[in-house]
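Beneath this line is the structure, given in structure tokens, with notes to follow.
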């Protein structure tokens with residue numbers, strides 16, 4: 001049979017079996033290896049595999065969360081009502097339930113959890129910046145040998161378990177912990193100070209865990225500064241402090257933004273640190289989400305909490321994305 | 001010389017910062033040798049002792065969880081290294097194509113996404129998939145591994161991407177001009193150049209998975225309790241001396257690894273510089 005005839009039959013089958021068959025016929029096994037070798041297809045495969053993975057396991061899950069946030073709670077498995085139902089033969093009834101959202105917005109428990117999370121994240125980010133900036137500055141101006149030793153010391157705790165580093169603070173902060181014992185032995189205090197389960201403990205925990213995320217982007221930025229600018233400023237009579245505020249600080253703004261976002265965004269949803277060190281009378285939103293899901297099995301409320309948190313973080317995340325891609329493009 | 005050199009402020013903060021970073025870890029290591037069960041009260045009569053270490057190694061639950069975590073972390077790191085390298089390659093070498101922005105968003109977003117959101121969304125996906133296609137049946141090691149790969153491949157992608165950005169495409173172009181096809185160019189030019197980045201990406205992905213509590217807690221099933229989950233449930237009840245021993249071992253292992261790799265990298269860098277100088281000298 002001629003090639004033309006083959007194609008004609010296949011087109012006819014295609015009319016019955018749909019485009020899938022055409023695809024299989026045209027790009028069937030004998031053609032695969034050749035096609036893959038051809039530049040375009042290898043390229044498509046390289047793009048396609050991670051693309052498919054991220055779409056399936058990162059993007060689609062958010063759509064599902066969004067879907068469940070509009071559902072109603074019911075006692076079944078899965079514990080939520082379907083969003084659409086077949087009505088008759090060809091019609092679909094879509095039920096969007098906004099009740100969960102209005103419940104969240106009007107219930108003071110959730111509102112205060114959101115506000116408290118924002119407050120904790122903002123204060124911790126500020127503390128991280130206040131401690132991290134001078135450190136990054138000091139490291140970037142040290143001699144090359146010291147610089148690599150300092151950087152290693154910054155990164156080292158980051159490679160050890162996050163959970164265990166938070167745990168270490170329990171031993172320091174609790175009523176009969178190291179800090180209280182030392183202060184009492186020195187006679188500075190006579191009664192142990194309550195530090196566990198306070199805002200202070202959460203700030204310490206977050207600053208401690210996220211400090212490398214603040215220091216590293218700042219260091220990358222500060223290291224690239226042209227020091228002759230400072231010399232020029234000094235020659236023109238500017239005092240070091242003034243030169244710092246007029247030259248170094250403005251130049252390091254991208255580093256400050258990147259570091260702050262890397263600390264702020266995950267800190268808003270932080271779960272482990274407030275669970276181990278934080279208050280029991282005021283929960284952070286990450287804890288609320290997890291409690292709704294695991295203790296109350298209320299999937300719609302947990303999903304709505306997640307969606308609202310995401311909306312809250314959309315602007316910071318978009319800003320981070322923008323700076324990150326700009327940073328990578330600039331280096332190319 | 002920088003004018004800030006004379007100030008005492010920066011060295012003071014630097015010293016304070018490092019004390020802040022290391023005092024908790026050192027105190028944890030110190031008290032792992034304490035005989036008393038009241039971790040922070042030093043029992044001078046019977047300490048130092050290694051009894052919590054032997055108790056740790058005798059604890060079947062912790063050892064089993066640690067072995068499970070190591071296996072998950074290794075599979076995760078390998079998967080994340082492969083996928084992350086592909087993403088890094090695509091984003092920095094493939095120019096613009098349809099959907100590039102979406103890919104770059106999907107790569108950077110997991111870096112900052114709060115863990116509870118990632119965990120919840122992954123779990124809901126697995127539940128939905130099980131309903132629709134019957135896979136994965138139940139949750140356990142497979143679902144934890146998939147979830148870990150998804151968030152840690154972003155870190156590998158960023159590392160590979162910044163490594164690729166640090167050298168230009170001229171070497172690859174030269175190989176193409178000499179008639180090498182893209183797979184060959186990748187194998188003999190690009191891969192050797194980015195291999196250190198892939199290796200550090202692998203290690204980072206390993207640590208991220210080994211360390212992850214929140215996402216694992218969401219997507220784990222019965223019988224797949226990882227080490228962080230065991231530690232968390234112990235630690236919630238208060239300090240416990242064998243956790244101190246575990247922490248000490250982990251810190252020592254990591255510190256040894258980091259120090260050795262730093263020395264190794266420095267040697268290699270020096271050797272490379274020598275070779276470059278020799279090449280330049282012989283070129284004249």
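The values are calculated or read from the model by the stated rules, or taken from the named source; none is laboratory data. Please read all numbers here as calculations on a predicted model, not as lab measurements. A quick note on method: Cβ atoms are made from the backbone with ideal geometry, for glycine too, and the neighbour counts reach across all protein chains shown.
Does residue B:176 satisfy the condition of being within 8 Å of another protein chain (Cβ to nearest Cβ), part of a helix (DSSP H, G or I) and within 30 Å of residue A:327 (Cβ to Cβ)?
no
Test each condition in (1) more than 30 Å from residue B:253 (Cβ to Cβ); (2) part of a helix (DSSP H, G or I) for residue B:116 and report the one that comes out false.
Failing condition for residue B:116: (1).
In segment B:22-48, what count of residues is obtained for those that are in contact (Cβ under 8 Å) with a residue 60 or more places away in the chain and at the interface with chain A (Cβ under 7 Å from one of its Cβ atoms)?
5
Is there a residue in segment B:93-100 that is within 23 Å of residue B:191 (Cα to Cα) and touching a residue at least 24 places away in the same chain (Cβ under 8 Å)?
Yes: segment B:93-100 contains one or more residues that are within 23 Å of residue B:191 (Cα to Cα) and touching a residue at least 24 places away in the same chain (Cβ under 8 Å).
Looking only at segment B:36-54, decide whether some residue is surrounded by 19 or more Cβ atoms within 10 Å (Cβ to Cβ) and in a helix (DSSP H, G or I).
Within segment B:36-54, one or more residues are surrounded by 19 or more Cβ atoms within 10 Å (Cβ to Cβ) and in a helix (DSSP H, G or I).
Which ones in segment A:151-198 are more than 9 Å from chain B (Cβ to nearest Cβ), in a loop (DSSP other than H, G, I, E, B), on the phi < 0 side of the Ramachandran plot and modelled with pLDDT of 85 or more?
Result: A:186, A:188, A:189, A:190, A:191, A:192, A:193, A:194, A:195, A:196, A:198.
If you check A:101, A:114, which single one turns out to be more than 29 Å from residue B:232 (Cα to Cα) and in contact (Cβ under 8 Å) with a residue 60 or more places away in the chain?
A:101
How many residues does segment A:116-150 hold that are farther than 19 Å from residue A:210 by Cα and within 9 Å of chain B (Cβ to nearest Cβ)?
Residues flagged as farther than 19 Å from residue A:210 by Cα and within 9 Å of chain B (Cβ to nearest Cβ) within segment A:116-150 amount to 4.
Yes or no: residue A:260 at pLDDT 90 or above and under 23 Å from residue A:313 (Cβ atoms)?
The answer is yes for residue A:260.
Looking only at residues in segment A:317-332 that are within 21 Å of residue A:263 (Cα to Cα) and within 8 Å of chain B (Cβ to nearest Cβ), which one is surrounded by the fewest Cβ atoms within 10 Å (Cβ to Cβ)?
Taking the candidates together, the pick is A:325.
Please enumerate the residues belonging to segment A:219-264 that are facing another protein chain (nearest Cβ under 9 Å), within 29 Å of residue A:155 (Cβ to Cβ) and either outside any helix (DSSP H, G or I) or in contact (Cβ under 8 Å) with a residue 40 or more places away in the chain (or both).
A:227, A:248, A:261, A:262, A:264
Scan segment A:298-311 for residues that are in contact (Cβ under 8 Å) with a residue 60 or more places away in the chain and within 10 Å of chain B (Cβ to nearest Cβ) and jot them down.
Result: A:299, A:303, A:305, A:306, A:307, A:309, A:310.
Please determine, by comparing only the residues of segment B:143-166 that are within 16 Å of residue B:213 (Cα to Cα) and surrounded by fewer than 23 Cβ atoms within 10 Å (Cβ to Cβ), which one is nearest to the other protein chains (Cβ to nearest Cβ).
First, the residues of segment B:143-166 that are within 16 Å of residue B:213 (Cα to Cα): B:143-152.
Restricting the remaining residues to those that are surrounded by fewer than 23 Cβ atoms within 10 Å (Cβ to Cβ) gives B:145-146.
Details: B:145: 11, B:146: 6 Å.
Across segment B:143-166, the extreme among qualifying residues is B:146.
For segment B:133-142, name all the residues that are surrounded by 14 or more Cβ atoms within 10 Å (Cβ to Cβ) and either touching a strand residue (DSSP E or B) at 6+ places or on another chain (Cβ under 6 Å) or in contact (Cβ under 8 Å) with a residue 24 or more places away in the chain (or both).
B:139, B:140, B:141
Determine, yes or no, whether residue B:238 is within 14 Å of another protein chain (Cβ to nearest Cβ) and at positive phi.
yes
In segment B:249-261, is there at least one residue being at pLDDT below 85, more than 9 Å from every other protein chain (Cβ to nearest Cβ) and on the phi < 0 side of the Ramachandran plot?
Yes, that holds for at least one residue.
Does segment B:167-185 contain any residue that is touching a helix residue (DSSP H, G or I) at 6+ places or on another chain (Cβ under 7 Å), surrounded by fewer than 18 Cβ atoms within 10 Å (Cβ to Cβ) and within 22 Å of residue B:223 (Cα to Cα)?
no
Might you check whether a residue that is part of a helix (DSSP H, G or I) and either at the interface with another protein chain (Cβ under 10 Å from one of its Cβ atoms) or more than 25 Å from the chain's Cα centre (by Cα) (or both) occurs anywhere in segment B:191-202?
Scanning segment B:191-202, I find no residue that is part of a helix (DSSP H, G or I) and either at the interface with another protein chain (Cβ under 10 Å from one of its Cβ atoms) or more than 25 Å from the chain's Cα centre (by Cα) (or both), so the answer is no.
Which of the residues that make up segment B:2-20 are over 16 Å from residue A:178 (Cβ atoms) and either modelled with pLDDT of 90 or more or more than 8 Å from every other protein chain (Cβ to nearest Cβ) (or both)?
Scanning segment B:2-20 gives B:8, B:11, B:12, B:13, B:14, B:15, B:16, B:17, B:18.
Let's see how each residue does on (1) modelled with pLDDT of 85 or more; (2) outside any helix (DSSP H, G or I); (3) within 20 Å of residue B:121 (Cβ to Cβ); (4) over 31 Å from the mean Cα position of the chain (by Cα):
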residue: A:12; (1), (2), (3), (4): no, no, no, yes
residue: A:33; (1), (2), (3), (4): no, no, no, yes
residue: A:51; (1), (2), (3), (4): yes, no, yes, no
residue: A:54; (1), (2), (3), (4): yes, no, yes, no
residue: A:86; (1), (2), (3), (4): no, yes, no, yes
residue: A:127; (1), (2), (3), (4): yes, no, no, no
